[in-house]
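Chemist: Pasting a structure below so you can have a look.
Taken together, the values in this text are just the output of simple stated rules run on the coordinates, not laboratory data. Treat the numbers as computed from the prediction; the structure is a model and nothing was measured. Every residue, glycine among them, receives a Cβ derived from its backbone with ideal geometry; neighbour counts consider all protein chains shown.
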Amino acid sequence: MSQQTALSVKDLKTYFYTNKRCNKAVNGVSFDIKKGSTLCIVGESGCGKSVTASTIMQLLPRLSRIEEGSITYNSDAGEIAIHELERDGAEMKRIRGSEIAMIFQDPMTALNPVYTIGFQIAESLQYHTDLNKSQIRARTIELLANMGIPSPEQRVDEYPHHYSGGMRQRAMIAMAMSCNPKILIADEPTTALDVTIQAQIFELMEKLKTENDTAIMLITHDMGVVAELADDVAVMYMGNIVEAGTVDDVLRRPRHPYTKALLESIPVLGRGRSQDIKSIRGATPDPYDRPKGCQFAPRCDFATDACNQMPAEEQLSDTHRVMCWQHEELKQNA
Ligand SMILES: Nc1ncnc2c1ncn2[C@@H]1O[C@H](COP(=O)(O)OP(=O)(O)OP(=O)(O)O)[C@@H](O)[C@H]1O
Ligand SMILES: [Mg+2]
């Protein structure tokens, strides 16, 4: 692995087993995240973004497991095969929350209702840093202040239910950032927040990235955020990455019909009100009743008979790859 790579995921498959049925939620996903860079993951609801994130954190629900593939973390002390670690083993506990931290889509996943916010942030600092008690208290208050929590000196001693939804979200972000992680996984971190707070949080993430060389995996629905923050982009559909590349490759020269459709389905800032916004027709398929070949084919304007077979992944350049039989068509269409 290159020294520049912080995290390398190879052919990862995570399946759910419920009522004797198997949901291939993540079905062969590969990507690298470089140190000090941001990979944005986009795609419609249910495509496997959060499951990919929980797999890296080894925080999968009991009914699911890593079926195949590898997750390699390039730590300062050498490469660590995350997929081989026990979910609740000492090594995984040491890494989780300190070297690899996650901002969850639902803040209550990470916050415990019976402890004060301050206690929970302090606990993480105590476990993962050498700070003494008064330094931990000061750092906790500083972290809350950084997140725009008003009167952090008082709020630090309140419980999660005293916080509004947006404040809980910010407290959890403070917790995730508290130990200057080497890898930060942020799952829709700012959906519930005002734009000014959102901008503040993205600024803190950028700071972490430049000052601490943190690699960031940012899951978002917001293409504006992608354009602003991403170095690289991966587009997911039904458990696969159907297109990936630099932000320029994917946003300016999309070669997968799904990426193109996603980009056409959002308004672009500065283009005024008369924009031609198209919704993507149809809905994502039932994961238990998948199309035979390309998963997007039934919704795709470019589909042909060839699409009855799963497309192979093609490398278009050093940085750009796509899974589509028709990608040449899109080149001409660009
Ligand atoms: N705890 C769970 N038990 C059973 N199936 C699950 C569970 N969590 C996720 N899944 C399934 O795994 C697939 C991927 O879900 P995931 O949560 O990763 O989607 P997502 O891309 O994060 O969507 P969203 O944008 O809505 O957050 C879906 O088919 C979903 O139903
Ligand atoms: Mg999700």
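Chemist: Using 0.36 nm times the number of residues separating residue 20 and residue 306, minus their current alpha carbon distance, what extension gain do you get?
Modeler: 99.8 nm is the gain from fully extending residue 20 to residue 306.
Chemist: Let me ask you something else. Whose amide H sits under 5 Å from the amide H of residue 68, counting only residues 5 or more places off or on another chain, with H placed in the peptide plane?
Modeler: For residue 68, whose amide H was placed from the backbone, the distant partners under 5 Å are 13.
Chemist: Hey, what's the Cα Rg ratio for segment 161-237 versus the globular rule of thumb, 2.2 N^0.38 Å? Intermediate values should be presented prior to the final figure.
Modeler: Details: Rg = 12.5 Å, N = 77, 2.2 N^0.38 = 11.5 Å.
Expressed relative to 2.2 N^0.38 Å, the Cα Rg reads 1.09.
Chemist: Looking at segment 123-155, which trypsin sites (Lys or Arg not before Pro) are in a loop (DSSP not H, G, I, E or B) and have at most 10 other Cβ atoms within 10 Å?
Modeler: Numbers: sites: 133, 137, 139, 155; in loops: none.
Those that pass, being in a loop and sparsely packed, number zero.
Chemist: I want the antiparallel fraction of DSSP beta bridges within the chain, as a percent rounded to 5. Working shown, then result.
Modeler: Values: 32 of 50 bridges.
Once the DSSP bridges in the chain are tallied, antiparallel ones form about 65 percent.
Chemist: In the chain, which whole DSSP H runs stretch at least 15 Å along their own axis (Cα) and average 1.6 or higher on the Kyte-Doolittle scale? Let's see the in-between values first.
Modeler: On the way: long enough: 117-128 (17 Å, 0.10); 133-146 (20 Å, -0.34); 165-177 (18 Å, 0.32); 195-212 (25 Å, -0.16).
Flagged H segments: there are none.
Chemist: Next question. Whole angstrom only: what separates the Cα centroid of segment 22-62 from the Cα centroid of segment 150-215?
Modeler: So the separation of the two Cα centres works out to 21 Å.
Chemist: Still on this structure: What residue among 108, 217, 238 shows peak mean-square fluctuation when the chain is described by a Gaussian network model with Cα springs under 10 Å?
Modeler: 108
Chemist: Something else now. Based on Cβ point charges of +1 for Lys and Arg and -1 for Asp and Glu, what charge dipole magnitude is obtained for the chain about its Cα centre, in debye rounded to the nearest 20? If you can, show how the numbers build up before the last one.
Modeler: Details: 36 positive and 44 negative charges, 128 e Å.
So the magnitude is around 620 debye.
Chemist: Taking 30 Å as the cut-off for C-alpha to C-alpha distance, list the pairs among 182/331; 13/260; 10/133 that go past it. List each step's numbers first, then the result.
Modeler: Numbers: 182/331 37 Å; 13/260 26 Å; 10/133 41 Å.
Violating the 30 Å Cα-Cα cut-off are 182/331; 10/133.
Chemist: Positive end of the dipole of the chain, charges at C-beta (+1 Lys, Arg; -1 Asp, Glu), about the Cα centre: which of 257, 113, 128 has its Cα farthest in that direction?
Modeler: The Cα lying farthest towards the positive end belongs to 113.
Chemist: Using modelled backbone amide H atoms (1.01 Å from N, in-plane), which distant-in-sequence or interchain residues come within less than 5 Å of residue 30's amide H?
Modeler: So residue 30 has HN proximity to 11, 12, 241.
Chemist: Taking segment 218-313, which trypsin sites (Lys or Arg not before Pro) meet the DSSP loop condition and have no more than 16 other C-beta atoms within 10 Å? Working shown, then result.
Modeler: Numbers: sites: 252, 255, 260, 271, 273, 278, 281, 292, 299; in loops: 255, 271, 273, 278, 281, 292.
Sites meeting the loop and neighbour criteria: 271, 273, 278, 281, 292.
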